[in-house]
Amino acid sequence: MSYSGRPAESFEFKKILYRKENGRAYVTFNRPEVLNAVDGETLVELNAAFQDASWDDGVAVLVLTGAGDRAFCTGADVKEQAEEFVGRPGAYWKWMGLFVEVHERLRNLGKPTIARLNGMVVGGGNEFNLSCDLAIAAEHVTIRHVGAARGSVAAAGATQFLPLLLGERRAREMLMLCEPIDARKALDWGLVNQVVPLAQLDAAVGHMADKLVAKLPECIRYTKQQLNFWRDLSWHLTIGHARDWLSIHNLSPEVAEGMRAFVEKRPVDYDRVRSNETHREE
């Protein structure tokens with residue numbers, strides 16, 4: 001078995017784009033027709049790309065981005081969730097395992113990572129942003145979580161990492177109100193490192209990558225490992241429980257209503273859900 005990387009084109013990915021050049025690996029969510037949402041096949045491909053970039057000694061930096069300029073990533077593919085997982089906690093548990101594995105690989109790549117935020121960043125998309133070391137956003141970007149409004153909980157990265165990154169009050173505001181944070185506010189809050197016009201995004205990412213390439217690989221790897229301490233602690237104390245709870249939660253009427261509302265393109269009926277919960281308690 002070879003522990004070196006393969007030519008990027010040899011993977012023949014269908015849901016992502018992958019290329020390597022000049023010491024950089026570029027991984028792109030390539031589902032613009034669904035705003036770069038991720039399904040199970042996408043997670044499998046991401047796992048393979050991240051492992052390859054980690055093992056390839058010619059790669060010094062990884063850049064993660066989305067196709068087009070509308071979305072970086074909007075989290076889980078709601079169509080797949082509605083068709084495959086609602087009422088099937090065992091199936092969702094398997095999907096969640098892939099999601100956990102992807103983030104473990106990304107955070108433990110052994111090399112610095114840059115999130116190139118080219119469009120909206122939603123839910124699990126922000127968890128990909130958070131799993132990267134650094135982030136540069138185009139000025140039209142918004143970042144938000146919608147789980148509490150749609151039937152999920154941001155328990156696979158956001159609830160662990162946002163309090164560390166933003167502080168408790170801002171993390172609670174973002175996760176409970178589910179309102180979009182614009183790029184300038186994201187910069188002020190520390191969600192991103194830079195904000196630039198879209199036309200300057202590639203140059204800004206390239207400039208940051210140049211700085212990271214000009215670092216000693218072992219030293220930067222261990223710096224990353226030490227910086228990950230608090231995130232790893234909170235993640236490993238909670239992620240197994242989160243995986244099981246989110247799977248079982250797929251049996252909840254909240255999830256059913258949230259998914260139906262999405263498919264039917266209507267607002268969630270929060271009053272009806274709350275009334276049903278009250279009725280059960282009585």
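We did not get these values from a lab; they are worked out from the coordinates using the rules stated. Just so we're clear, the structure is a prediction, and the values are computed from it rather than from any experiment. For neighbour counting, all protein chains shown are included, and Cβ atoms are generated from backbone atoms with ideal geometry for every residue, glycine included.
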Region 1-61 shape via C-alpha gyration tensor axes, a/c threshold 1.5: prolate
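Could you grab the relative contact order for the chain? Cα pairs under 8 Å, six or more apart, rounded to a whole percent.
Details: 490 pairs, mean separation 50.8, N = 282.
That works out to 18 percent.
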Pairwise label distance in nanometres, LEU237 with ASN22, each label 7 Å out on the Cα-Cβ vector: 4.3
Helical mean residue ellipticity (222 nm; -39500 (n - 2.57) per DSSP H run of 4+; nearest 500) of the chain: -15500 deg cm²/dmol
Under 23 Å from the Cα of LYS265 - lysines, other chains or at least 8 residues apart: LYS79
Overall form of region 60-128 per C-alpha gyration tensor (a/c, 1.5; a/b vs b/c): oblate
Net charge dipole size for the chain [Lys, Arg +1 and Asp, Glu -1 on Cβ; Debye, nearest 20]: 440
Point-to-point label distance, MET1-ASN47, nm (Cα→Cβ direction, 7 Å offset): 1.4
Anisotropy class of region 8-251 from Cα gyration tensor, a/c 1.5 cut: rounded
All aspartates and glutamates inside 18 Å of LYS14 as judged from Cα atoms, apart from same-chain residues fewer than 8 positions distant: GLU33, ASP39, GLU41, GLU45, ASP52, ASP77, GLU80
GNM top mover of GLU218, GLU41, GLU179 - the chain, alpha-carbon springs below 10 Å: GLU218
Listed residue pairs exceeding 23 Å between alpha carbons, taken from LYS15/LYS94; LYS20/LYS215; LYS20/LYS211; LYS185/LYS215: LYS185/LYS215
Separation of the GLU33 and ASN276 label points, Cα + 7 Å toward Cβ, nm: 3.2
